[in-house]
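Student: Just passing along the structure, written as structure tokens.
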Amino acid sequence: METVLDPCDMQRKNSKWFHLRKEYNQAEFDVKLLVGTGLHFEIWGNQGRKSKGHEEIEVDWELPDEDMPTTTHDQGGLAMYRV
């Protein structure tokens with residue numbers, strides 16, 4: 001996956017005169033996973049999507065066992081599913 005770093009997503013670190021370590025930039029991004037017939041990843045910054053498109057990753061999906069419950073935990077309408 002490729003992405004372009006944008007200065008608005010980065011913060012300078014160790015830029016003060018009294019810091020002994022080397023100065024560097026720190027960037028924070030959200031990584032989103034889109035599930036369809038396969039898997040597709042996207043990187044999002046402060047001003048929208050940053051990643052370039054890539055080919056969908058093929059996945060062989062399996063049906064769950066009949067005797068396995070579909071949810072493992074339920075609180076207030078939110079449920080966690082077994083992976």
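Student: Looking only at region 24-44, count how many residues are assigned to a strand (DSSP E or B) and touching a residue at least 24 places away in the same chain (Cβ under 8 Å).
Tutor: 2
Student: Under 9 Å between Cβ atoms, at least 6 apart or on separate chains: pull out the pairs that start in region 7-23 with a residue that is in a strand (DSSP E or B) and end on any residue that is of a type in the set (S, T, N, Q).
Tutor: Once the first residue is in a strand (DSSP E or B) and sits in region 7-23, its partners that are of a type in the set (S, T, N, Q) give 10/25; 10/26; 11/25; 11/26; 12/25; 12/26; 13/25; 13/26.
Student: So residue 81 clears everything in (1) among the aromatic types (Phe, Trp, Tyr); (2) at pLDDT 70 or above; (3) surrounded by 10 or more Cβ atoms within 10 Å (Cβ to Cβ) except one condition, right? Which one?
Tutor: That leaves (2) as the condition not met.
Student: If a residue has to be exposed (fewer than 10 other Cβ atoms within 10 Å of the Cβ) and without any contact (Cβ under 8 Å) to a residue 12 or more places away in the chain to count, how many in region 45-63 make the cut?
Tutor: Of the residues in that region, 6 qualify.
The values are calculated or read from the model by the stated rules, or taken from the named source; none is laboratory data. This is a predicted model, so every value here is computed, not measured. We place every Cβ from the backbone using ideal geometry, glycine too, and count neighbours over all the protein chains shown.
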